[in-house]
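Encoded as structure tokens, the structure appears first; notes follow it.
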Amino acid sequence: MISIKNSNEIAKMRESNRIVGLLLHKLRKYVVPGVTTWELNKIAEDIIYSEGGKPAFKGYSVPGLSPFPAAVCASVNSCIVHGIPSKSTVLVEGDIIGVDVGVYKDGYYGDAARTYMVGEISAEAKALLDITQEALELGINAAKVGNRIGDISSAIGNFVTAKGYFIADNLTGHGIGRKLHEDPMIPNFGIAGKGPRLRKGMTLAIEPMINIGTNRVQEDGWEYFTLDGSLSAHFENTILITDGEPEILSIY
Ligand code: MG
């Protein structure tokens, strides 16, 4: 069932997502050659606590894996999502790094991701980031009352495939609220006019995960990689369905 948030719940969603957006904005300046993904995680965790939130990903459990050990996912280059921050992962000029963060505060979750450039990056990598960010914008623009989930999915998928890029298999966006992952699933490809209808008060995390060379993924514990080693990018925002334009909650 897809939950509809009342005004009190929406206020709490705004607050947890405000912290997410602020954090992702502040973190950008620390993403430089020489920093480790562990250091970025520490900075992020400190910001979350200083804003009165709790890191939602830390301790997150799924069957068969040990609880996620960090506040953020830090996914470098061919890592699509769920990269584990590490003291031995040192960013170098030309890398791209996806940072995904969840924040829990006062009963409600926020969730968003950005892919950052480390110094100067290749034209190929920059194009991937631009396409993925534009795909997210197109998906959000389709998130209007009366439309269906398939309208979001097809807006993302049709654009990405027309540009010659690939949608990572088995990874989707999701509803969000009292739980980090709620109904509905929001695939990054689909058929316009299909799926659950969008209603005012729904809160959704839309998150294209786009690869240069293949849709196929390789899992290593928590971490998802492109099967061919090509670059992957990830942008995500939590949005609120309104009477009019969708409202992005997780942006600074
Ligand atoms: Mg998410």
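For region 113-143: of the residues being small (G, A, S) and within 16 Å of the ligand (Cβ to nearest atom), which is surrounded by the fewest Cβ atoms within 10 Å (Cβ to Cβ)?
Looking at the filtered set, the residue picked out is A143.
The set of residues in region 144-156 being within 20 Å of E247 (Cβ to Cβ) and more than 16 Å from the ligand (Cβ to nearest atom) consists of K144, V145, G146, N147, R148, D151, A155.
Among the residues of region 196-228, how many are more than 16 Å from the ligand (Cβ to nearest atom), within 25 Å of A143 (Cβ to Cβ) and in contact (Cβ under 8 Å) with a residue 60 or more places away in the chain? Qualifying residue count, region 196-228: 5.
Of all residue pairs spaced 6 or more apart or on separate chains, those with beta-carbon atoms under 7 Å, a first member in region 99-128 that is outside any strand (DSSP E or B) and a second member that is within 16 Å of the ligand (Cβ to nearest atom) are G107/R178; L128/I210; L128/A233. Under the condition of being surrounded by fewer than 16 Cβ atoms within 10 Å (Cβ to Cβ) and within 20 Å of the chain's Cα centre (by Cα), the residues counted in region 182-201 number 2. In region 239-246, the condition of being in a loop (DSSP other than H, G, I, E, B), within 16 Å of S75 (Cβ to Cβ) and more than 16 Å from the ligand (Cβ to nearest atom) is met by no residue. The set of residues from region 75-112 being in contact with a Pro (Cβ under 8 Å, 6 or more places away or on another chain), within 16 Å of the ligand (Cβ to nearest atom) and open to solvent by 10 Å² or more (accessible area, probe 1.4 Å) comprises just one member, Y104.
The values are calculated or read from the model by the stated rules, or taken from the named source; none is laboratory data. This one's a predicted model, so the numbers in the text were calculated from it and none came from an experiment. Here Cβ is always computed from backbone atoms with ideal geometry, including for glycine, and neighbour counts include all displayed protein chains. Keep in mind that these areas ignore ligands, DNA and RNA; they rest on the heavy atoms of the full protein, side chains included. Shrake-Rupley method; radii C 1.70, N 1.55, O 1.52, S 1.80 Å.
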